[in-house]
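**Student:** Starting off with a structure, shown below.
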């Protein structure tokens with residue numbers, strides 16, 4: 001596309017953004033991953049808001065980033081920095097923009113499910129991670145905004161030319177003559193894709209010609225892409241949104257792809273901290289194919305599928321935990337949080353394993369060093385903090401409620417919940433016995 005043609009198209013997108021913003025009172029939620037497409041959308045929206053009169057900026061714009069807790073550290077660092085800049089610039093420019101980050105709840109975290117419950121490493125036909133790590137956190141945030149305002153518009157950087165699969169999905173959901181399409185799963189939520197017609201070259205030309213209005217560095221973003229030769233994982237809002245799986249920036253543990261070319265490229269470019277992490281990722285892909293590493297029954301007690309592969313055995317889970325802690329030690333990155341270690345220990349204990357097995361694995365790797373304290377860990381979810389405060393005020397056992405809630409969530413996806421009542425009774429009796437009630 002020629003420069004003049006692209007300039008005209010960008011002008012048309014800006015005009016459409018303005019018309020869309022002023023047309024109703026529905027707040028916007030912008031999916032922001034820190035990659036090129038979401039950055040381009042965010043810039044266009046920001047410049048549009050700057051061009052409005054103060055009284056026209058009548059509704060809130062929520063910038064929403066999703067952290068799966070297993071994101072590539074380089075991307076986490078960049079997103080955190082950009083969100084901070086956006087928050088400060090919005091205050092400076094008096095724009096109705098708020099920047100937020102969502103995380104999966106503890107019970108849905110990658111390591112709690114893979115190491116704790118033994119879920120096999122994700123693959124294309126069993127991609128259990130997408131819903132838990134991406135869809136649910138974003139959906140909870142969007143539903144809260146719908147409850148607050150009655151309806152919302154979700155603004156995404158999806159583009160038709162990104163891939164043939166993306167083009168087919170977008171075409172299937174397109175409604176002729178309408179700017180917004182209804183969200184596939186969330187009532188009263190609408191999806192808006194203003195840059196869908198731009199090419200990759202168009203996006204890069206815009207980002208490298210138009211300075212970031214919040215003071216970000218698009219040049220360093222381009223350099224990061226060049227180093228990793230990857231793409232970006234979009235904010236996944238429903239099952240119609242293509243998730244990662246093509247050597248994109250995203251979860252460093254992703255085993256859906258054959259090779260993580262983005263992380264491999266970063267290692268070759270001198271990012272030595274990722275070498276141990278890449279080795280673990282490759283091990284996770286290999287071990288799921290080992291029949292001896294898998295159980296013959298599912299977690300609900302039924303026989304495994306025709307291939308005879310159920311969850312990972314406890315021996316395999318302990319081996320993965322050991323390798324994870326070694327990779328954490330060698331990389332210098334925090335790869336698993338204290339609350340996840342505590343949750344894994346609880347799950348293993350309920351399944352009849354030695355109660356302090358997690359501690360033993362930790363002590364083996366760290367040569368007797370103390371485990372991190374969950375209560376002092378800054379990563380402890382706000383949800384658990386709030387629950388702990390309420391329990392303290394009401395004189396109710398926080399530990400009891402937390403374990404009952406996790407049991408309910410663990411069995412929530414099963415049509416038959418055989419064994420749940422007995423487990424809940426045992427949990428209550430155990431807690432009452434400890435408290436002397």
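The values are calculated or read from the model by the stated rules, or taken from the named source; none is laboratory data. Only a predicted model underlies this, so the values are computations on that prediction, with no experimental measurement involved. Because the Cβ atoms are built from the backbone with ideal geometry, glycine has one as well, and the counts that use them run over all protein chains shown.
**Student:** With the requirement that a residue be within 19 Å of residue 12 (Cβ to Cβ) and either under 23 Å from the mean Cα position of the chain (by Cα) or in a helix (DSSP H, G or I) (or both), what does the stretch 208-227 give you?
**Tutor:** Looking only at the stretch 208-227, we keep the residues that are within 19 Å of residue 12 (Cβ to Cβ), and these are 209-210.
Hit for the stretch 208-227 is 209, nothing else.
**Student:** On to the next question. Filter the stretch 136-150 down to residues that are at negative phi, over 13 Å from the mean Cα position of the chain (by Cα) and surrounded by fewer than 15 Cβ atoms within 10 Å (Cβ to Cβ), then give me how many there are. Steps first, please.
**Tutor:** Start the filter on the stretch 136-150 by keeping residues that are at negative phi, which leaves 136-149.
Those left that are additionally over 13 Å from the mean Cα position of the chain (by Cα): 142-149.
Checking the rest, the ones that are also surrounded by fewer than 15 Cβ atoms within 10 Å (Cβ to Cβ) come to 144, 147-149.
Qualifying residue count for the region: 4.
**Student:** Next question. Taking the stretch 271-288, which residues are more than 13 Å from residue 331 (Cα to Cα) and free of Cβ contacts under 8 Å to residues at least 40 places away in the same chain?
**Tutor:** Keep residues of the stretch 271-288 that are more than 13 Å from residue 331 (Cα to Cα), which gives 281-288.
281, 282, 286 - these are the residues of the stretch 271-288 that are more than 13 Å from residue 331 (Cα to Cα) and free of Cβ contacts under 8 Å to residues at least 40 places away in the same chain.
**Student:** Considering only the stretch 344-364, I want to know if a residue exists there that is buried (at least 19 other Cβ atoms within 10 Å of the Cβ), out of contact with any strand residue (DSSP E or B) (no Cβ under 9 Å at 6 or more places or on another chain), at pLDDT 90 or above and in a loop (DSSP other than H, G, I, E, B).
**Tutor:** no
**Student:** Can I ask one more? For the stretch 92-149, what are the residues that are over 30 Å from residue 358 (Cβ atoms) and in a strand (DSSP E or B)?
**Tutor:** Answer for the stretch 92-149, where residues must be over 30 Å from residue 358 (Cβ atoms) and in a strand (DSSP E or B): 97, 98, 99, 100.
**Student:** Another question, then. I'm told residue 183 meets every condition in (1) within 24 Å of the chain's Cα centre (by Cα); (2) over 27 Å from residue 274 (Cβ atoms); (3) at pLDDT below 90 except one. Can you identify the failing condition by its number?
**Tutor:** That leaves (3) as the condition not met.
**Student:** Sticking with this structure for a sec: With the structure loaded, tell me whether residue 270 is out of contact with any helix residue (DSSP H, G or I) (no Cβ under 8 Å at 6 or more places or on another chain) and modelled with pLDDT of 85 or more or whether it fails that test. Step through it out loud before you land on a result.
**Tutor:** Values: out of contact with any helix residue (DSSP H, G or I) (no Cβ under 8 Å at 6 or more places or on another chain): yes; modelled with pLDDT of 85 or more: yes.
Yes, satisfied.
**Student:** Further, regarding this structure: Any residue in the stretch 197-207 that is outside any loop (DSSP other than H, G, I, E, B), within 23 Å of residue 8 (Cβ to Cβ), modelled with pLDDT under 55 and in the same structural domain as residue 138 (by TED's automatic domain parsing)? Spell out the reasoning first.
**Tutor:** Just the residues of the stretch 197-207 that are outside any loop (DSSP other than H, G, I, E, B), to begin with: 200-207.
With within 23 Å of residue 8 (Cβ to Cβ) added as a condition, the list becomes 200-207.
With the extra rule that they be modelled with pLDDT under 55, the set shrinks to none.
Within the stretch 197-207 (the criterion being outside any loop (DSSP other than H, G, I, E, B), within 23 Å of residue 8 (Cβ to Cβ), modelled with pLDDT under 55 and in the same structural domain as residue 138 (by TED's automatic domain parsing)), the answer is no, since none of the residues qualifies.
Table: residues versus (1) assigned to a helix (DSSP H, G or I); (2) without any contact (Cβ under 8 Å) to a residue 12 or more places away in the chain.
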position: 7; (1), (2): yes, yes
position: 25; (1), (2): no, no
position: 33; (1), (2): no, no
position: 39; (1), (2): yes, no
position: 55; (1), (2): yes, yes
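**Student:** Only one of 117, 127, 78 is touching a residue at least 60 places away in the same chain (Cβ under 8 Å) and not assigned by TED's automatic domain parsing to the domain that holds residue 28. Can you tell me which? Full working, then the answer.
**Tutor:** Details: 127 fails: not assigned by TED's automatic domain parsing to the domain that holds residue 28; 78 fails: not assigned by TED's automatic domain parsing to the domain that holds residue 28.
Testing whether each residue is touching a residue at least 60 places away in the same chain (Cβ under 8 Å) and not assigned by TED's automatic domain parsing to the domain that holds residue 28 leaves just 117.
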